[in-house]
Amino acid sequence: MRFPGFEGEWELKKLSAYLYENKERNRNGEFNKSDVLSVSGDCGIVNQIELLGRSFAGKSVADYHVVRTDDIVYTKSPLKEYPYGIVKYNNGQDGIVSTLYAVYHHKDNVYGQFVEYYFTNPQRTNRYFKPIVRIGAKHDMKIGNEEVLDSFVVFPGLKEQRKITEMLSLLDLRIAIQNKVIEDLKKLKTALEERMLGQCQGKQVRLRDILIERVEKSRINNQYEVLSSTVSGIYSQREYFNKEIASADNTGYKAIHRGDVVLSPQNLWMGNINYNDRFEIGIVSPSYKVFSIDEKFDKGYIAFLLKTRKALWAYSLVSEQGASIVRRNLNYESFLEISFVIPYLKDQQATARRLSAFQQKQTMEEAFLRSLLLQKEFMLKSLFI
C-alpha cells in the first residue's frame, strides 16, 4: 500500500547508509543520574526516574552514552516480541543511557522517526537482527555498535518517508489522547465508586450473608467452555492464553453461571475477584471459589462493591503469605466475615445504574483504543516493504 503520487522502487541499502554512531560520552559531566534515560517498548525513550520512580544508574555515569534529541537508540536487550532488542527514536530531551546501548545520529537522507517506525514491526526487526546478533551463554547480545548498521534495509525517498512518518505520528497522537481519556475515566469511576459505595447509609452485612458458594461441577469432559479469572476480568482460556491450559480431562471443574462471582484464593489480595456478566455458563478450575449472589441484593451493586479499594484492603488482611511473593493463602472463614454497609435495595439499584453507565462508557472507549491499535498494526505492515 502506498500513498498517491509516489512511484518507483524503494532502495535496498545497508543501514549504515542512513545512520552513523554517536560516540559522545558523558565524560565532561554535562549530565547526572537524574538525566538517565530508559528505553521502553511501550513508552519509547523517557526519563528513567519519571518512568520507574528512581534511577538505577551506578555510582558513576561518566562513561554513559549521550543521547541527543533526534538520535536513535538500539537496546541490545531482549523483549518478549523482540528477542534481539528494539530500536527507538528520541523525540524528547537530551540525556544519557547505559553503555549496554548503542546510540546513532541519522543522516540527511532519512527521518529519525521513520527509522523507529520501520523497526516497530517485530517480524521485520527480528529478520534484520537475527543474522548479525550472536547470543552469549548468559543470553546477552554480542554485537558491536558498528555491526548493527551492517545489514540491509529497504527505504523509500525522503518525501515518502515524511508522508509515512506524518501519518503514523498523527495516529500515535490519537492513541495517546485515547489512553488519556481512558485513564481519566478510570479515575473518575474510582472516585464515584468510593463516594457512592463507601459513604452510604444502610445495614452492616457480612459476605457470608451475600455470597452463596456454588458446588455445581461438570459431569463430562468439555461440558462447557473453560474460563479463567484474572485481575483484569474473566476470559475464555483460548481468548486469554491463545490455547487451552486446562487439564486434559476437565470433568469435575466448577460451573459458573452468568451473574456469579468467582475468585482465586491465592490471588484475591491482588484483586482477582470477578462478576461474570460475559458468559452464560462455563467452567473454571477447582482451585477457584464460585458464588451466586443472594437475591436480597442487587447483583450489579455487589459486583462493583467487591472491586473497591476498601474491599481489596480487606482481602489483603485475610490473605497470608504463601510459598511465593505473589501467591497468598486466603483464610476462607475470615473472608466470609468481611462486612460492608449495604443500603436499601432501591438505593443499590440506583447506584449500580449510575456506575454501569460509566463502565459502559469506559468499555466503549477501550474498544475504540483497540481499533486504533489494530489500525496502526495494519499500517506498519502495509506501508513498509
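The values are calculated or read from the model by the stated rules, or taken from the named source; none is laboratory data. This one's a predicted model, so the numbers in the text were calculated from it and none came from an experiment. When we count neighbours, we look across all protein chains shown, and the Cβ atoms used for this are built from the backbone with ideal geometry, even at glycine.
Odds and ends about this structure:
- Residue pairs meeting the criteria (Cβ under 8 Å; at least 6 apart or on separate chains; first in the same structural domain as MET141 (by TED's automatic domain parsing), in the range 83-98; second among the aliphatic types (A, V, I, L, M) and assigned to a loop (DSSP other than H, G, I, E, B)): TYR84/VAL133; GLY85/LEU79; GLY85/VAL133; ILE86/LEU79; ILE96/VAL61; SER98/ALA57
- Whenever a residue of the range 338-359 is within 14 Å of GLY198 (Cα to Cα) and surrounded by 14 or more Cβ atoms within 10 Å (Cβ to Cβ), its partners that are at pLDDT below 90 and basic (Lys, Arg), lying with C-beta atoms within less than 8 angstrom and at least six residues away or across chains, give the pairs LEU355/LYS189.
Let's see how each residue does on (1) hydrophobic (A, V, I, L, M, F, W, C); (2) under 20 Å from the mean Cα position of the chain (by Cα); (3) part of a loop (DSSP other than H, G, I, E, B):
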| residue | (1), (2), (3) |
| --- | --- |
| ASN126 | no, no, no |
| LYS163 | no, no, no |
| ILE175 | yes, yes, no |
| GLN178 | no, yes, no |
| LYS186 | no, yes, no |
| MET196 | yes, no, no |
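- Among the residues making up the range 128-147, a single one is farther than 27 Å from PHE378 by Cα and part of a helix (DSSP H, G or I): GLU147.
- Where a residue in the range 130-151 is under 15 Å from ALA17 (Cα atoms) and its partner, wherever it lies, is crowded, with 16+ Cβ neighbours inside 10 Å and charged (D, E, K, R), with Cβ under 7 Å and at least six apart: ASN145/GLU21; GLU146/GLU21
- The test for being among the β-branched types (Val, Ile, Thr) and over 30 Å from SER371 (Cβ atoms) does not hold for ILE234.
- Scanning the range 26-59 for residues that are more than 25 Å from GLY112 (Cβ to Cβ), modelled with pLDDT of 90 or more and surrounded by fewer than 11 Cβ atoms within 10 Å (Cβ to Cβ) yields a single hit, GLY29.
- Qualifying residues in the range 190-218 (those that are closer than 17 Å to ILE273 by Cα and of a type in the set (Asp, Glu)) - the one surrounded by the most Cβ atoms within 10 Å (Cβ to Cβ): GLU193
- Of all residues in the range 42-53, those satisfying the criterion of being assigned to a strand (DSSP E or B) and either of a type outside the set (A, V, I, L, M, F, W, C) or not assigned by TED's automatic domain parsing to the domain that holds ARG25 (or both) are GLY44, ASN47.
- Per this entry, PHE335 is not counted among residues that are among the aromatic types (Phe, Trp, Tyr) and within 26 Å of the chain's Cα centre (by Cα).
- Residue in the range 61-74 that is at pLDDT below 95 and under 22 Å from the mean Cα position of the chain (by Cα) present: no
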